[in-house]
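**Q** Below you'll find the structure I mean.
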Amino acid sequence: MKLKILVGTMTSTADYVAQAIQMDCADLISEIEIELMDKLDITAFSEAKAKDAIYLICTSTYGQGDVPDNARALYESLEATPQFLGHVKYGVIALGDRTYLQTFCFGGKKFDERLIDLGAQRIGQVWCHDASTGTMPEEEGTVWCRQWLAEALQSTATA
């Protein structure tokens, strides 16, 4: 089993979170692969790529609740070329700032909504980090991910 972290970011914060998870959770899963969403499309979730994989969408929110620029092609392809993704198991780390309450963590929430619409199976709840608290998303993200990954591995073992 491997963890595939797909990163959507404008300022590299989501990438830092993914790297922290890669270092901190290496004892829980045999392989952790980080991939920036640049140039990805819906084929990133093909059955061949999803075999023996759990996905973690790790993305910030940009502008008026948008996905980051590097995630736009992947996000738009989920609607433009929809396919049934029932074979995909995933989780979401959404980064945002509660100061912008009406669009808080929408980057991750939008990916979650679109994946659910295509039949993908979310494990656990979307985890939202609030930058306005002053806490480090890398630290809190790894704590959340250790718990989430234990749940994800257990659910895939029983599936």
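**Q** Have a look at the DSSP beta bridges in segment 1-149 and tell me what percent are antiparallel, nearest 5.
**A** 5
**Q** Next up: Per residue, how much accessible area does segment 42-119 have with a 1.4 Å probe, in Å²?
**A** Ligands and nucleic acids excluded, the result is 47 Å² per residue.
**Q** Would you please classify the overall shape of segment 62-120 from the alpha carbon gyration tensor, given that a ≥ b ≥ c denote the square roots of the eigenvalues, rounded means a/c under 1.5, and beyond that prolate means a/b larger than b/c while oblate covers the rest?
**A** Because a/c hits 1.5 or more and a/b exceeds b/c, segment 62-120 counts as prolate.
**Q** Okay, moving on. So how much slack lies between residue 155 and residue 33, counting 0.36 nm per residue of separation and subtracting their Cα-Cα distance, in nm?
**A** Working it through step by step, the gained length comes to 41.9 nm.
**Q** Pulled fully out, how much extra length does the chain show between residue 72 and residue 147, if you take 0.36 nm times their separation in residues and subtract their Cα-Cα distance?
**A** 24.1 nm
**Q** Going highest first, how would you order 81-94, 17-30 by mean Cβ packing within 10 Å?
**A** Those peptides, ordered most packed to least, come out 81-94, 17-30.
**Q** A further question follows. Whenever you get a sec, compute what percent of the accessible area on segment 3-128 sits on carbon and sulfur atoms (1.4 Å probe).
**A** Ligands and nucleic acids excluded, carbon and sulfur reach 49 percent.
**Q** Got the relative contact order for the chain handy, in percent, Cα pairs under 8 Å and 6 or more residues apart?
**A** Relative contact order here is 25 percent.
**Q** ³J(HN,Hα) across segment 131-145 via Karplus (A = 6.51, B = -1.76, C = 1.60, θ = phi - 60°), whole Hz, x for Gly/Pro?
**A** 4, 5, 7, x, 7, 7, x, 5, 5, 5, x, 5, 4, 4, 5
**Q** Can you run phi through the Karplus equation (6.51, -1.76, 1.60; θ = phi - 60°) for segment 149-155 and list ³J(HN,Hα) in whole Hz, with x for Gly and Pro?
**A** Along segment 149-155, the couplings run 5, 4, 5, 5, 5, 5, 5 Hz.
**Q** Number of Lys-Lys pairs in the chain under 13 Å by Cα, sequence gap 8 or more or different chains?
**A** 8
**Q** Another question, then. Please give the calculated 222 nm ellipticity per residue for the chain, where each DSSP H segment of at least 4 residues contributes -39500 (n - 2.57) and the sum is spread over every residue; nearest 500 deg cm²/dmol?
**A** Rounded to the nearest 500, the figure is -11500 deg cm²/dmol.
**Q** So, one more: If the convex hull of the alpha-carbon atoms of segment 86-141 is projected onto planes in all directions, what is the mean projected area in square nanometres?
**A** 4.0
The values are calculated or read from the model by the stated rules, or taken from the named source; none is laboratory data. The model shown is predicted, which means the values in this text are computed figures rather than measured ones. Neighbour counts run over all protein chains shown; Cβ positions are idealised from the backbone, glycine included. Just the protein is used for accessible areas: all its heavy atoms, side chains included, with ligands, DNA and RNA removed. Shrake-Rupley method; radii C 1.70, N 1.55, O 1.52, S 1.80 Å.
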